[in-house]
1. Please give the net charge around S95, taking every other residue with its beta carbon less than 11 angstrom from that of S95, where Lys and Arg add +1 and Asp and Glu add -1.
2. Using a Cα-Cα cut-off of under 21 Å, which lysines could be cross-linked to K112, ignoring same-chain neighbours fewer than 8 residues away?
3. Over all directions, the average projected area of the alpha-carbon convex hull for the stretch 77-116 comes to how many nm²?
4. If we sort 13-20, 71-78, 84-91 on the protection proxy, mean other Cβ atoms within 10 Å, highest first, what's the order?
5. If I take all pairs of Cα atoms in the stretch 39-116, what percentage of them are more than 14 Å from each other?
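What follows draws every value from the coordinates through simple rules; no lab data is involved. Quick caveat: nothing in here was measured; it's all calculated off a predicted structure. No Cβ is skipped: glycine too gets one built from the backbone with ideal geometry, and neighbour counts run over all protein chains shown.
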Amino acid sequence: GKEEGGTNMALHEINFTVQAEGQTESFPREWSHTGVVGSGDMELLMKSKHLNDAVEVKVVTPVTGFDEIWKRVLEKFVNDNKLGDVLLEINDNNSTPFIVAMRLKQALIEAKEGIR
């Protein structure tokens, strides 16, 4: 018989575009921020990309049913930080939206320090 459980770990992909309201802040073209931020619960990739001030988001997660929460968390992040022209890729490993928001803030602080 077929084994139930861990053999069929399908990853769920969420793609959407966010446009911050008002003036956005973009990173220098050559800038990109890659890597695991803080811990093993998620990997975050931020890249400068010409998107007419928008932010393109791709989330890959084993968890389904939280698309709306992901969108809300990321829209808030983009708006709070006035992000624009950025490609955000998140490889999630069962982290919670709260952790995600925290990691995003960390990555942005590191990113901005790296630019100066």
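1. -2
2. Candidates past the 8-residue exclusion: K47, K49, K76, K82.
3. Spelled out: convex hull of the Cα atoms, projected over all directions, averaged, 3.2 nm².
4. 84-91, 71-78, 13-20
5. 61 percent
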